[in-house]
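The numbers here are math on the coordinates, done by the rules we state, and not lab data. Everything quoted here is computed from the prediction, not taken from an experiment. Quick reminder, even Gly has a Cβ in these numbers, built from the backbone with ideal geometry, and neighbours come from all protein chains shown.
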Amino acid sequence: MKLDLSEIARVGGMHATQDIEEPCPQDLGFECTGTVKGKLEFTNAGSLLLLTGEFKTELKLQCSRCLVDMTLPVEAKVEEEFCLETIGDAVRVLALDEEDVETGLVKDNMLDIQEVIRQDLLLELPIRPLCRPNCRGLCPTCGENLNLRKCACPPAEPESPFKVLGELLEEQDNDP
């Protein structure tokens with residue numbers, strides 16, 4: 001959905017609220033279980049247009065340790081600032097950040113709500129999503145999900161960064 005910001009950009013001090021219910025953006029690398037719902041608030045602060053708000057949804061992800069499919073509730077806060085440029089009788093809304101210009105967040109006074117959602121969902125995405133904090137993951141030998149049952153594999157020896165040095169010392173001790 002694209003939202004026209006022309007009216008709020010023209011009237012100094014104007015405040016507007018917009019409820020949103022949008023589908024999940026397609027190019028995220030993950031899916032949402034439903035729509036993205038929230039509220040956006042716009043404030044004309046003279047030379048700046050302030051956008052604040054929040055939205056929430058649930059994401060379908062895989063646990064980074066055991067690879068089980070899971071859903072993760074996400075709440076994102078939106079905080080954006082746009083420059084207001086007056087040209088004769090018209091007022092243009094311009095992105096302050098070069099990255100926002102490149103992504104096309106605002107073009108011809110139209111705000112791309114899907115792009116706002118996409119950016120803020122990516123910021124809220126955990127680096128390593130876990131199905132639970134104490135997830136035991138997969139056995140590195142047989143691949144068994146250790147959350148469901150214990151496997152018969154012997155415990156793996158931890159690899160020491162000083163192993164090579166220890167071998168050198170052993171060789172030195174064995175040399176006459």
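Details
- Meets criteria (in contact (Cβ under 8 Å) with a residue 24 or more places away in the chain and either assigned to a loop (DSSP other than H, G, I, E, B) or among the aromatic types (Phe, Trp, Tyr) (or both)) for Pro129: yes
- Residue satisfying all of: in region 60-94; over 16 Å from Leu121 (Cβ atoms) and β-branched (Val, Ile, Thr); surrounded by the fewest Cβ atoms within 10 Å (Cβ to Cβ) among these: Ile87
- Condition check for Thr57: surrounded by 13 or more Cβ atoms within 10 Å (Cβ to Cβ), in contact (Cβ under 8 Å) with a residue 12 or more places away in the chain and within 19 Å of the chain's Cα centre (by Cα): yes
- When region 106-126 is filtered for residues that are assigned to a loop (DSSP other than H, G, I, E, B), surrounded by fewer than 13 Cβ atoms within 10 Å (Cβ to Cβ) and not charged (D, E, K, R), only Pro126 remains.
- Residues that are touching a Leu at 6+ places or on another chain (Cβ under 8 Å), surrounded by 10 or more Cβ atoms within 10 Å (Cβ to Cβ) and among the charged types (D, E, K, R) occur at least once in region 131-144.
- Scanning region 1-17 for residues that are among the β-branched types (Val, Ile, Thr) and surrounded by 14 or more Cβ atoms within 10 Å (Cβ to Cβ) gives a single hit, Ile8.
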